[in-house]
Amino acid sequence: MKTLSSIAAAGLLVWAGAAAPAPAETQGVTDDAIVIGVISDLSGPLASGGVPNVQGLRMRIEEANAAGGVHGRKIDLRVEDMKYDLTLAVRATNKLVKRDRIFAMISSVGTPPTMAAQKILDPEGIPTLFPVTAARTVVEPLSPLHFSLYVNYQNQAAGALKHFVAETGATKVCLQAVANDYGQEVVDGFEATSRALGLEVAFHGSHKVTETDFAGSATAIKNSGCELLILGTTTKDTINLYSTLRKLGWDKPIVGNMVPYSPIVAEAGDGATEGLYIVSPFRAADYTDGDAFRTAFRTTFKAAYNAEPEPYGELGYVAGDLLVTALEAAGRDLTVEALIEAIEAISHYDDPFGGPGYGFSADKHAGGAGLVLVQAQNRKWVVVNDQLPF
């Protein structure tokens, strides 16, 4: 019977160049360990994604370590909770770099924390791998140290607008987004696509990520004559704004992106988010189809954490699997350059959870291969379109 790790690796093609000889000392690499850092949100506004993401990541790392590690080295995962707070993110990154002396950072949560961390990591030559953000700016302009998993927020907004304008004939559109770097990415995609399609922007609202009262914004959206609302929101604000609009009787399509793609949002209240659409570069796994890997993954995850894995748990596992695969290809003489070459050689990775998959090259460090459209139906996410153009 195939192991969970061997099933996860199926379909992964790697062509890695010869690794350069390791220098006398490579930060974060010892004879028996590779130190990898994580800054995540484990107790703040994005904890609903951060917690399962770290759990999925840790699960894959523990599998690798239980199998003997990578080329005789165990992966030492150091996790810091920065609560989606920039000050804490900077402090945590400095600790990981200066005290823990990490080799690479993986799965940092959120656009502003990741961008703040990169300002510390880049001068030290430390890679930023697969952050939990689809911000274009974390991988553009192209840097050898930066790798992302996702189709970016701008293209997620573009895909949403193009699809729903074609489906509904809408000509007046609205946007509500958080007032930070993540929200600005959504704004940029929304504005560029609105201009290209000749749409009238009837309302453009912004709010803090911690905001909970959306009565004013909802009323303004309803009164604007808007026919389609695009969101650049997180978790709680998505639930609050959506439910407020529906209570006001506004029944037009509302579309978010990957950030609120969580069971917490679909299951909120008494059908509070029923009908909400999400455009995402990944899809939640279907655990009813009998797939051997997914069945084993869910069983193992639930046994370890007493919880369902959720989409962000699956993404954490994928990030960990890509890391392990690249470390194996990089060889025993591990350097940052060897790791980069190994990731760039992963030209096609079949997502074991059923999503569009990922692929990298020397000129492409954003691995996302496509978008899917899902909708909250009966407190669950249902796939509406698994090949959404953007």
* Dipole magnitude of the range 251-311 about its Cα centre (Cβ charges: Lys, Arg +1; Asp, Glu -1), debye to nearest 20 -> 240
* State the answer as a single residue: which of GLY125, PRO141, GLY37 lies farthest towards the positive end of the charge dipole of the chain, with beta carbon charges of +1 for Lys and Arg and -1 for Asp and Glu, about the Cα centre. => GLY37
* Of all the Cα-Cα pairs you can form in the range 219-286, what percent are over 17 Å apart? -> 38
* For the range 353-379, list residues with backbone N below 17 Å from a point placed 7 Å from the Cα of ALA304 toward its Cβ? -> 353
* What is the magnitude of the charge dipole of the chain about its Cα centre, with +1 placed on the Cβ of each Lys and Arg, -1 on the Cβ of each Asp and Glu, and no other charges, expressed in debye to the nearest 20? -> 580
* Which percent, nearest 5, of DSSP beta bridges in the chain are antiparallel? -> 35
* Which of these, ASP351, ASP237, ASP270, has the largest mean-square fluctuation under a Gaussian network model of the chain (Cα springs below 10 Å)? -> ASP270
* Asked: Roughly how many nanometres apart are two label points built 7 Å out from the Cα toward the Cβ at SER43 and LEU86?
  -> 2.3
* To do: State the three equivalent ellipsoid semi-axes of the range 266-390, derived from the C-alpha gyration tensor as the square roots of 5 times its eigenvalues, in descending order and whole Å.
  => 31, 19, 11
* Given the convex hull over the Cα atoms of the chain, what projected area results after averaging over all orientations, in nm²? -> 18.2
* Asked: If you place +1 on the Cβ of every Lys and Arg, -1 on the Cβ of every Asp and Glu, and leave all else neutral, what size is the dipole of the range 142-255 about its Cα centre, to the nearest 20 Debye?
  -> 240
* Calculate, for SER361 and ASN223, the FRET efficiency according to 1/(1 + (r/R0)^6) with r their C-beta to C-beta distance and R0 35 Å; round to the nearest 0.05. => 0.15
* Asked: How much length is gained if the chain between LEU142 and ASN94 is pulled fully straight, taking 0.36 nm per residue apart and subtracting their Cα-Cα distance, in nm to one decimal?
  -> 14.9 nm
* Scan around VAL201 for amide H atoms under 5 Å from its own, H built in the peptide plane at 1.01 Å from N, and keep only partners 5 or more places away or cross-chain. => VAL173
* Mind putting together the pair-distance distribution for the range 53-99? All Cα pairs, 5 Å bins, whole percent per bin, short to long. => 5, 19, 21, 17, 18, 12, 6, 1
* Asked: Which residue, chosen from ALA362, VAL336, PRO352, occupies the Cα position most advanced towards the positive end of the dipole of the range 321-376, where the dipole is computed from +1 (Lys, Arg) and -1 (Asp, Glu) charges on Cβ about the Cα centre?
  -> PRO352
* Asked: Between rounded, prolate and oblate, where does the range 159-281 land on the alpha carbon gyration tensor, with a ≥ b ≥ c its root eigenvalues, rounded for a/c under 1.5, else prolate if a/b exceeds b/c?
  -> rounded
* **Cα convex hull of the range 101-217, projected area averaged across orientations, nm²** => 8.6
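Every read-out reported here was derived from the displayed coordinates using simple, explicitly stated rules and does not represent laboratory data. Please read all numbers here as calculations on a predicted model, not as lab measurements. Counting neighbours? That spans all protein chains shown, and the Cβs are built from the backbone with ideal geometry, glycine included.
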